[in-house]
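To keep things clear, I will list the structure first and then write my remarks on it.
Read the figures in this text as sums done on the coordinates, not as results from a lab. Quantities reported herein were computed from a predicted structural model and do not represent experimental measurements. Quick reminder, even Gly has a Cβ in these numbers, built from the backbone with ideal geometry, and neighbours come from all protein chains shown.
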């Protein structure tokens, strides 16, 4: 890595000599270090968002338009949404058409809420134009794997099925063995905090795969689901939680009306009264280079009123309306 600004030399040396929890070169809410970073070819850039909850939020189409237009201006190689996107219904055709402006370069992950209305997984896959519930693709010399954490036949608990089947883990191993490229995983649920049935097994599969030079094949795994802003490094692999584009769910106990939202909106989006929306959409532009350096340029917003604090909810720092800028090595 080469930093071109002489005045940053002392600062960068300090960073490398300091002890950081996750080996983060830069993890801030407003940083300019990435502007001075020379990435080594090949480079891939993609836009990422998650948990839009189009069927809950009142202005999902506007949020998606901002995201897509921004990724077009940045000439992203592709965009991907990490689940809890929208129901496969005609009312969401306009919303989906905005996302689909990237054509075959718009990828989807299945979330646990995408089938709340009882539709089949097959219908959802067709509506999202996914090749399958889990699949892989290559872009710019990198390999990408989309996983499905919602497999009913592997789940024995209550509530939403948060599980990965033995069938999918076998496929995952075979797919990883078939590529010689640095690989990034996309999944809705976290492989650190969720998916207990196969979480450790999947982590072991990801950690065991090596490139011909001996380095790990999998460099990162991106997830949504948690409506939080987190990055954990486990056995040399980054597990990165992308915050919701739209809101924090606060539940029936904290039912309320958000200031500035007309009453007729609540008739169309009745569950909105159980959420605290962000003023602006949260998403990220991610760039990865040949050395495996990951540069995340996120977004920061504010709460629409009332905030969770106004409702008496004490949130942890990673559940604020932000996706942090990060440079992860």
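Can you give me the number of residues within segment 304-325 that are in contact with a strand residue (DSSP E or B) (Cβ under 6 Å, 6 or more places away or on another chain) and farther than 11 Å from residue 229 by Cα?
Qualifying residue count, segment 304-325: 2.
Would you point out which residue out of 315, 311 is at negative phi, in contact with a helix residue (DSSP H, G or I) (Cβ under 7 Å, 6 or more places away or on another chain) and in a loop (DSSP other than H, G, I, E, B)?
Exactly one residue qualifies, and that residue is 311.
Would you tally the residues in segment 97-122 being without any contact (Cβ under 8 Å) to a residue 40 or more places away in the chain and either within 18 Å of the chain's Cα centre (by Cα) or over 26 Å from residue 58 (Cα atoms) (or both)?
So the count comes out to 9.
Is segment 239-248 home to any residue that is in a loop (DSSP other than H, G, I, E, B) and surrounded by fewer than 16 Cβ atoms within 10 Å (Cβ to Cβ)?
No, segment 239-248 contains no residue that is in a loop (DSSP other than H, G, I, E, B) and surrounded by fewer than 16 Cβ atoms within 10 Å (Cβ to Cβ).
Results for (1) under 21 Å from residue 328 (Cβ atoms); (2) touching a residue at least 12 places away in the same chain (Cβ under 8 Å), shown as yes or no for each residue.
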| site | (1), (2) |
| --- | --- |
| 166 | no, yes |
| 171 | no, yes |
| 174 | no, no |
| 186 | yes, yes |
| 198 | no, yes |
| 201 | no, yes |
| 224 | yes, yes |
| 254 | no, yes |
| 258 | no, yes |
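Looking at segment 263-279, can you tell me whether even one residue there is part of a loop (DSSP other than H, G, I, E, B), closer than 19 Å to residue 56 by Cα and in contact (Cβ under 8 Å) with a residue 24 or more places away in the chain?
So far as segment 263-279 goes, yes, one or more of its residues are part of a loop (DSSP other than H, G, I, E, B), closer than 19 Å to residue 56 by Cα and in contact (Cβ under 8 Å) with a residue 24 or more places away in the chain.
Give the residue that is nearest to residue 58 (Cα to Cα), with candidates limited to residues of segment 202-236 that are in contact with a helix residue (DSSP H, G or I) (Cβ under 6 Å, 6 or more places away or on another chain) and outside any loop (DSSP other than H, G, I, E, B).
230
Considering each of 145, 125 in turn, give the residue that is surrounded by 14 or more Cβ atoms within 10 Å (Cβ to Cβ) and either in a helix (DSSP H, G or I) or touching a residue at least 60 places away in the same chain (Cβ under 8 Å) (or both).
Exactly one of 145, 125 is surrounded by 14 or more Cβ atoms within 10 Å (Cβ to Cβ) and either in a helix (DSSP H, G or I) or touching a residue at least 60 places away in the same chain (Cβ under 8 Å) (or both), namely 125.
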